[in-house]
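This report concerns only the one structure given below.
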Amino acid sequence: MLRTVIAGLRARPLRLLLSAVAIALGVSFVAGALVLADAVGAGLRAAVAFQTRGVDASISTTRGGPALDEAVLAKVRRVPGVAAAEGRATASAPLRDAAGHPQEAAATSLPADPQLRPFDLAEGRFPRDANEIAMERHTAAAYPLGQSVTVFDRNGHQHSYTLVGTFSRPTEAGIGSAQLVLLPEALRQLAAGTGFSEIVVRATPGVGQSQLLDDLTRAVGGRGTTVQTGRDAAAQLLREAAPDSASLTKFFTAFAVLAMVVAAMVITNSFTILVTQRARELALLRCVGAGKRQVFAGVLAEAVAVGAVASVAGLFGGLGVAAALQAIAGALSGHEAAVYLPLTARTALAALAVGVLVTALAAALPAWAATRVAPVEALRTPLEGKSARAGWPRAVAAIVLALVGVGAAVLALHVEVEHGAVLAVVAMVALLGAVLAVGPLVAGPVVRALGLVCAPVLGLPAKLAALNADRNPKRTAASAAALTIGLAVVSLVTTVVSGVEAGRSSGLDQQLAAEFTVTSVVADQPLPATLADTLAAVPGVAAAAPRRSFSGDLGARGTYGMAAVRGDAVGSLLRPVVLSGRLDRLGPGELAVSRQLAKEAGLAVGDTVQGGPRNRPVPLRVVAVYDGVRVPGADLGLGLVDLGQMPAIALHGNSYDDSVLVKLAAGADQDQVRSALDGALSAAPLAQLHSLADLKDQMSAPLRSTLDLLWALTALAVLIAFAGIANTLSLSVLERTRESALLRALGLTRGGLVAALTAESVFLALLGAACGLLLGIGSAWLITQVASTDAQPVLFTLPWARLGVLLGAAVLAAPLAAVIPARRAARGSLTAGMAEQ
Amino acid sequence: MDGPAAVGVAEVVKVYGRGDAQVRALDHVSLDFPARRFTAIMGPSGSGKSTLMHCLAGLDTVDSGRVRIGRTELTGLSDAELTRLRRDRVGFVFQSFNLLPTLTAEENILLGLRLAGRRPDRAWFGAVVDALGLRPRLRHRPGELSGGQQQRVACARALVGRPDVVFADEPTGSLDSRSGAEVLGFLRTSVRELGQTVVMVTHDPVAASYADHGVLLADGRVAAHLPRPTADAVLAALTGLGA
């Protein structure tokens, strides 16, 4: 039996190759997504390892502990077994750009010990005196070596240095490393009083880590000072940076699940066709004496073998996919981005399991069906099975799923947001299931209608295409389904993101009645106190009001991130959505709370809170509950008070994120006023001017980059869906060799045959894309309805451009998918085709 | 042979394979098939009769020699020109029916005309359908028809465009003898009463006996002409070849 299987494989290399390609593509998609998920962690680990390379021990202090200064460093250097010790310090050092505006940047000191430097020299050399500076390679792209670089200090004074070199790190990975390097004395001049955040120590060779740790602890240890090994310090850094990367990992893992579903569909379809085509051959085997079990085991063995080989190929393909995506993302971001290809056991197992198990299952079902038919009957019946028609259980399943979906959707619209989200997900999954179930039922009518619509233009090829697509609705629907899922996901996310974007934009318009904001480029450095008055005096400006964030001490209720603004600006420049109470101004002793704070601290309008330190309590009356948009420079925090009230209740008296809101007079020309404001800001070098449009851009930037990443991944899913369509068509062409020859004999030109197959591919793509878009947009509508609130509206807006690109790409890619099968069909010899049985 | 020739080949050579595996399927064959006649090409397996028909019909190309349908020289025509010629001037009946499973009987019959963008002549269509007894079956798909009915649909398809010539390749090969007799009777009727020209390839002496004229091929050459063949005469001729 095994020999027969192998002979059968050898006799039809092409069919097998097509299925193997489908499996390999699917598996590489799954493996690629999983490798990407692991690569996020790997990149972070590499960044941390680089940051702590050469470090045998690390000394740091907890918040409020003793300062790490030169004296401590000198003490550390005297400890026996210490080969080198360096104090690490980082200071905010905004770069002055060509227009004279400050650009956010940070500077760190150059360790004297080359082995304790967390960066490598790329070009030139490191600074040798206090007037020289080195820059991170990508930041330095705009500066040639030897040029003068100007940096602001905290007080807005300018310091100029000569750029003598650039350095590089293998990865950025979001651990916030400094872009500028100065000698320690230069950094002390730039940022006087900045202590070390950490002292790193390299041990002399032969000194044990525990010995070193003991000696260091004896020398400088004490309350609030932590002495740990380099490895422990790295682990701590990793823990602190992990949450960000964890969400990215989750994102990629979720995508891997989507990849598995799409891959399973493509593989199932292609292998099902393969085995169905061989039903006659299997029947012949049974006729000459092979047992049911032998036939079944033979087919299964073949499927497992093909699945295993193709899966291994796909696994390596996945590494390629992950490498390519990382390289593209790196090229787009302009950051230092290394390519990480961690191949974990999980990735290998999941990829191989998807490939082999799905293939085996896909082969087992039709093979089982084939063995259940009496052999002689199977020999007699034509290849086109009667089973291809969809039955009523499918219709019932589709109706039930649709009812569940619609029911959940209706419920979701009428309950609280939290429950609504869960119900919305249930509704979406149920509706997707309904669409997939109903696919074979509607595929026929839909392609017939498409055929009728296209017939006047394309003529008979359109009719033939519709008939061919209608001939096996299950197969047609399955080919379209992979595309449906891919497009549903991408159109859903695209629409929701655009709704969130539009919602935030309209939320910002609602909350901020100012045209400009001014912020400080150094977050903890306040703007000049007179700046608001200076700006208010600029012609064309109607009002300018200062605002700042602070940690508000609400006594027994806790400490919350709050904002303070000049009382008369509330209601005019700042007018958040008021949920209860009244908020047209804020006076001393008054407090407005956000919905979240009201809920967390159990506050309502009319309540009085004791704020400030316990020995000098300040009574605050809650006058309003509001809901606000988070936006840099105009953030309302969890609670809002009058600016005069702030010092009494701010924890440690600190405030940060100073800003000024600027409202223009009616009819003032925005560009004119902008340049006047720019002029007025020359007195405050650290101030950055943002228009409302800049703010909107800033708010949507992270959304957009997520969306771009998602598009790249979904492009892959859609690509695989088209590979699936090409595969289905190729197998159908092989199946219809004789028919194609007959049509050619009867007078269909080669072009006509190509047109028929191309039309069939386009019909498939249209069916899949239309279902996907409808499903995605419908789900997006549901989500926007469920998630939208007054202050944070999520609008249902259709991103026509992006959706149009999707649909256009699908319709244009379809003829491409048909190219190879169509060529094969058109080139086939007529007489040989006729002879084929 | 009388009457103007509808189809003809002159000095046609067709070789398959190369080297030791080379087979001369047609070895300098020259033949004329007169119009309004039913001609049978006979011969044992491998005699070249199917190859000859494929070359005559423009389904396959010849290595040397000339092929002619009416006044049109086939050798040298492009694929598109051959396609058009097949569409407009040639009808086919195959052994294995070769109907499109997705089309109804009527759609199958009119397929060639639809491909050519020609409007069917309803009266002629009716005549052909009635002559073949297919009227009650027009809405059925091939899967719902018996073998004989399918072959009659194929005959109707071949004739409905009033081609210069109808080629039938073993038309009874897949039929029981009664259905086969019906199909052959119809082909003869189409020649005698409808004025068509039919060239049939067969190895069945009984089928050949329906023809007006028989041509016997062996090893790629014309071995004999059998005017007004009878089953016995054909059988004798074939046996003679085999001996």
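Descriptive notes on the structure:
- Two-site FRET efficiency, A:Ala523 against A:Asp584, from Cβ-Cβ distance with R₀ of 25 Å, rounded to 0.05: 0.25
- Average projection area in nm² (convex hull over Cα atoms of region A:145-210, one quarter of hull surface): 7.4 nm²
- Exposure proxy shown here: for A:His652, B:His213, B:His28, the number of other Cβ atoms within 10 Å sets the order, fewest to most, as A:His652, B:His28, B:His213.
- Counted over all Cα-Cα pairs of region A:522-685, pairs farther apart than 21 Å make up 46 percent.
- Around A:Leu640: net Lys/Arg minus Asp/Glu count, Cβ-Cβ under 11 Å: -2
- Inter-label distance, nm, simple model (7 Å from Cα along the C-beta direction), A:Glu70/A:Thr253: 5.0 nm
- Degrees separating the helix A:750-787 axis from the principal Cα axis of chain A, which is the longest one: 40 degrees
- Using a Förster distance of 41 Å, the FRET efficiency for B:Leu235-A:Arg827 (Cβ separation, nearest 0.05): 0.45
- From helices alone, chain B scores -10000 deg cm²/dmol at 222 nm; the rule is -39500 (n - 2.57) for each run of n ≥ 4 DSSP H residues, then divide by the residue total.
- Pairs of Cα atoms nearer than 8 Å and 6+ residues apart set the relative contact order; for region B:89-201 it is 39 percent.
- Each Cα pair under 8 Å and six or more residues apart adds its sequence gap; the mean of these over the residue count of chain A is a relative contact order of 16 percent.
- Distance between region A:554-594 and region A:9-74 - C-alpha centres, whole angstrom: 45 Å
- Taking 0.36 nm per residue of separation and subtracting the Cα-Cα distance, full extension of the segment from A:His419 to A:Arg78 would add 116.5 nm.
- Share of pairwise Cα separations in chain A, more than 37 Å, in percent: 59 percent
- Between A:Leu121 and A:Gln147, full extension at 0.36 nm per residue minus the direct alpha carbon distance yields a gain of 7.6 nm.
- Lysines with Cα under 20 Å of B:Lys49, excluding same-chain neighbours fewer than 8 positions away: B:Lys14
- Pairs of Lys in chain A closer than 28 Å at Cα, counting only those 8 or more apart or on different chains: 7
- The label-point distance for B:Ala21 and A:Val410, in a model that sets each label 7 Å from Cα toward Cβ, rounds to 7.0 nm.
- Spacing of the two label points (7 Å from each Cα toward its C-beta) at B:Ala181 and B:Asp219, in nm: 3.8 nm
- Neighbour counts of other Cβ atoms within 10 Å put A:His157, B:His203 in the fewest-to-most order A:His157, B:His203.
- Per principal axis, descending, Cα span of chain B in whole Å: 50, 42, 37
- Ranked A:Asp97, A:Asp113, criterion: other C-beta atoms within 10 Å, fewest first: A:Asp97, A:Asp113
- Added length on full extension, which subtracts the Cα-Cα distance from 0.36 nm per residue, A:Ala536 to A:Asn654: 39.9 nm
- Between region A:617-669 and region A:96-145, the alpha-carbon center distance in angstrom: 37 Å
- Whole-angstrom gap from region B:1-62 to region B:125-179, using each part's C-alpha centre: 25 Å
Throughout, read-outs are computed from the coordinates displayed, never taken from laboratory work. Quantities reported herein were computed from a predicted structural model and do not represent experimental measurements. Backbone-built Cβ (ideal geometry, glycine too); neighbour counts: all protein chains shown.
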